[in-house]
Amino acid sequence: IATPGSVYALHATTNLSQPWQPVSGQPATFTTTNNSLAVTLPINTVARFFQVVRLDTQGPQIYQTSPLNNSIGVSQQAVLQAWLSDETGVNTNSIVFAIGTNPPVTLHDPRLAWSTNGVLTYTPGTNEVLGALGQTVTVSLSAADTLGNLTTNFTWNFQLALPTVLSSNIVFLGSG
């Protein structure tokens, strides 16, 4: 199924046991108006086989975060995670991660780690907090894939736990 706005290339081969080669005049952009890719090719006596290949022109996709976007009551020392995917792979040297107005960090910072299954993890240092109690924190993430396609300034927000309120006049109703 073609995706509107994606870029596709037409590949051909004269022998299915040989590699596919791009057909000149490509890539073609899928359009939503006619749902078709069109190419005019000269007819010759050689049999040819064709395939349509979607080209990777988008940066990595961030498909899950922890805490979730718009979470409330998050610990001041919560571990932050983002799950990234890209069909060509993520260029880990391009990852830039920032919490609030703090300076951005890269994988050279020991608090930030990358796993082979595409999970980026930020673990706050000892005595480090993500923000003040009750504060809404914005996390931003930028990363490129191995082809150089960039995802810039992906953000998600969460609210840190509220401060404890002490009171001497609390009434408890109920059994027990």
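The values are calculated or read from the model by the stated rules, or taken from the named source; none is laboratory data. None of the values given here were measured: they were computed from a predicted structure. Virtual Cβ from ideal backbone geometry, glycine too; neighbours counted across all protein chains shown. The protein model used for the area step is the full one, side chains on, heavy atoms only, and it has no ligands, DNA or RNA in it. Shrake-Rupley method; radii C 1.70, N 1.55, O 1.52, S 1.80 Å.
Couple of notes before you dig in:
- Residue count for the stretch 75-106, restricted to those that are over 16 Å from LEU147 (Cβ atoms) and among the acidic types (Asp, Glu): 0.
- Criterion: within 30 Å of LEU55 (Cα to Cα) and out of contact with any Cys (no Cβ under 8 Å at 6 or more places or on another chain) - qualifying residue of THR92, THR164: THR92
- Hits in the stretch 141-166 (condition: free of Cβ contacts under 8 Å to residues at least 60 places away in the same chain, in a loop (DSSP other than H, G, I, E, B) and open to solvent by less than 60 Å² (accessible area, probe 1.4 Å)): GLY148
- Scanning the stretch 63-89 for residues that are closer than 30 Å to VAL53 by Cβ and either assigned to a loop (DSSP other than H, G, I, E, B) or free of Cβ contacts under 8 Å to residues at least 24 places away in the same chain (or both) returns TYR63, GLN64, ASP86, GLU87, THR88, GLY89.
- Against the conditions (1) out of contact with any Leu (no Cβ under 7 Å at 6 or more places or on another chain); (2) open to solvent by less than 60 Å² (accessible area, probe 1.4 Å), ARG111 satisfies every one except (2).
- Screening ASN117, ASN93 for residues that are assigned to a strand (DSSP E or B), out of contact with any strand residue (DSSP E or B) (no Cβ under 7 Å at 6 or more places or on another chain) and within 19 Å of GLY59 (Cβ to Cβ) leaves exactly one candidate, ASN93.
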